[in-house]
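Only one structure is covered here, and it is reproduced in the block below.
Read-outs throughout are calculated quantities, based only on the coordinates presented, and are distinct from any laboratory measurement. Note that the coordinates shown come from a computational prediction; the quantities given were computed from them, not determined experimentally. Cβ placement follows ideal geometry from the backbone for every residue including glycine, while neighbour counts extend to all protein chains displayed.
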Amino acid sequence: SLAAFFIFNPTLGDEETEGQKNLFFYPDIEANRQKDYIGLTEGIINFTRDFSPDAPCDALRCEKTRHSFYECEKDFWMILIMNNPCIYKDRNRSSPVYLEDEIGDSSLKAIVKRTYATYRMFNGTMTELVRQHSNHHLRGKLQKFMKFFIPTIDFKNVRFSMDIRGFNFMPVTRPTFLTIQYIISMISSTFPFVISCSVAYNKKLIWSGLEQEDMFFLYLLDQKNMEQLYEYLASNSDDRKSDTVQDSKQTEKSSWTIVQKDVGFLTGPASGPLIKNAPLISLQTYNWEKKRLAVFKSGKFSIFMIMEDVKETANKSVYETLQSSIQGEVQKLELSLSRQVQQVNRPPSSHRFLYFNALNLALVSTINSESRSIGKDTIKLIRKIHEDFQINPWKGYDKNFHEKKMMNGSKTLVQDNQASQSTNTSLRGKNEEKINDTETSGDTKDKTIETESKRQSNSLSEKSSEMKEKGESSYEEKSKTKSKLSGQNKNMKDIPDGSPVHVAIKTKSDGWLVASKATQTQREFFVLIEDKNGNLSSIQEEVNRLARSYFSKIFMH
């Protein structure tokens with residue numbers, strides 16, 4: 001559970017005015033306890049800075065709590081403290097035993113980073129707000145934002161979460177792709193203040209004209225449990241000069257109108273009677289300049305429009321004209337996409353898998369299936385392996401290139417194989433990812449991919465036989481699992497240049513977990529095989545079969 005979530009700046013107060021350091025604190029507990037939390041955190045940060053001046057402390061593990069420290073801007077610290085879960089072994093439930101390893105540091109760090117990035121997107125930097133206004137203004141903005149954002153975080157299931165963030169892409173046919181481009185061109189030519197459009201359907205991204213980092217946070221708006229954030233956008237439409245939060249009754253009334261809409265704008269004057277303008281937004285794509293965000297929705301179809309901050313964005317009639325000009329084409333497109341989804345729907349797979357590409361953030365997962373639960377030990381294993389994949393820069397993995405690519409990003413285009421062959425390849429870029437949703441015949445498979453798959457299979461089979469002879473095929477004990485992972489980290493130098501990395505672990509409750517890391521293309525693949533009696537050779541054959549079925553056109557090396 002959540003213990004505390006707060007933001008402070010140690011330079012804003014001294015011993016007599018410690019309360020001035022506090023910019024935001026949740027939950028609203030007694031003031032002296034808030035000071036205790038902030039004072040203890042500041043002391044830990046200052047103490048550890050003596051040992052690591054260039055890299056301040058970012059995590060603290062205690063028996064009862066787990067802490068995550070994040071210096072989002074110079075002297076501005078965002079702190080998240082979670083209570084460790086506990087169990088009782090006595091009948092009177094008087095002696096709790098705390099589970100200190102249940103919550104992952106990477107999961108907490110992902111939460112605080114996502115919180116700050118979302119705040120900055122809709123408010124700008126804290127330093128700039130203080131410079132232009134005051135500390136009081138910053139406190140009001142933080143209070144207002146966190147009031148709506150915190151309910152979107154599922155703190156109860158943080159220990160079951162993994163720091164694997166990405167997009168669910170949706171392939172489209174060539175006519176559908178051309179229709180989308182026609183709608184975007186029509187919008188930009190008729191309304192020149194609309195400078196960029198991104199398109200999603202059924203919570204899957206189809207087209208983006210923004211950098212990856214910017215698009216990721218807009219993409220979250222289209223996911224479940226994000227209605228609270230739309231309420232924030234409704235109340236944050238135009239309050240640059242105001243230091244106070246809008247009246248809660250007005251916010252509730254205007255946002256209720258937005259949430260109930262199935263067709264129309266979710267932001268801007270056309271979304272509710274009390275909303276004066278579209279919300280301001282700062283994006284890396286445009287060097288953090290202030291823009292406006294308009295979100296149009298028609299059923300499961302969503303268009304995110306980035307607009308210049310001009311007077312037209314405050315005119316309700318402009319939004320009505322825009323909606324009338326595209327609504328007909330959008331409804332036809334929505335019907336076409338619905339038919340396409342029905343045609344390519346596969347029967348549920350007997351295996352659960354997760355695929356992730358770190359370069360373009362492509363993500364495909366059936367791990368969190370609502371009908372089939374997954375053991376918490378298995379989740380912790382996947383999280384641990386993923387952390388090792390990210391931390392260890394094996395040969396063939398240029399970490400600096402990866403970080404630069406994540407910062408710069410590229411415009412994303414997703415379409416099916418037929419569309420990609422018939423469209424200008426310059427639109428795709430080298431970071432584009434395609435996930436096949438349609439079956440392909442054996443005659444059209446890439447011979448290079450087949451050869452590579454066979455080579456990997458033979459390599460892993462030989463490795464598996466060696467592991468079996470050494471008695472390392474069973475990892476049912478927790479200590480053995482940790483030992484195996486640690487041993488693998490020590491032998492990273494022995495991995496051939498550019499070769500993929502494989503990990504196979506037999507879990508307690510979910511059968512075999514097989515993880516693969518493509519060191520050149522930065523792809524990760526996790527799959528659960530529910531065959532508790534199988535050996536490594538048979539498990540790898542099943543993994544190869546699954547990979548051919550779902551990822552036959554992807555180079556896993």
### Task
Give me the Debye-computed log₁₀ of I(q)/I(0) at q = 0.16, 0.23, 0.24 Å⁻¹ for the range 500-554, equal point scatterers on Cα only, no solvent, two decimals.
-0.47, -0.91, -0.97
### Query
Normalised by the residues of the range 1-148, what does the relative contact order come to in percent, with Cα pairs under 8 Å and at least six apart?
22 percent
### Task
Note down the nm distance, to one decimal, between modelled labels 7 Å out along Cα→Cβ at residue 63 and at residue 391.
2.5 nm
#### Entry: Positive-end extreme of charge dipole, the range 98-234 - chosen from 124, 200, 218 (charges on Cβ)
124
### Query
Near the amide H of residue 195, under 5 Å away, which other amide H atoms are found, from residues 5 or more places off or on another chain, if H is placed in the peptide plane?
306, 307, 308
### Task
Can you pull the one-decimal nm distance between simple spin-label points at residue 132 and residue 311, each 7 Å off the Cα toward Cβ?
2.1 nm
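Using the per-residue mean of other Cβ atoms lying within 10 Å as a proxy for protection, in what order, highest first, do the peptides 23-34, 4-15 fall?
Final packing ranking: 4-15, 23-34.
What does the extension gain come out to for residue 36 and residue 185, with contour length at 0.36 nm per residue minus their alpha carbon separation? Write down the numbers at each step before the final one.
Values: separation 149, 0.36 × 149 = 53.64 nm, distance 5.61 nm.
So the extension gain works out to 48.0 nm.
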### Computed over the range 31-112, the ratio Rg/Rh where both radii use C-alpha atoms and Rh is Kirkwood
1.05
### Query
Which cross-chain or sequence-distant (5 or more) residues have an amide H under 5 Å from the amide H of residue 207, H modelled 1.01 Å from N in plane?
199
### Message
Whole angstrom only: what separates the Cα centroid of the range 135-178 from the Cα centroid of the range 269-348?
### Response
18 Å
### Query
So if we plug the beta-carbon distance of residue 86 and residue 139 into 1/(1 + (r/R0)^6) with R0 = 30 Å, what FRET efficiency do we get, rounded to 0.05?
0.30
### Query
In the P(r) worked out for the range 84-139, what percent of Cα pairs fall beyond 16 Å?
65 percent
## Note on the structure
Amide H neighbours of residue 167 at under 5 Å, excluding residues fewer than 5 places away on the same chain, with H built from the backbone geometry, are 362, 363
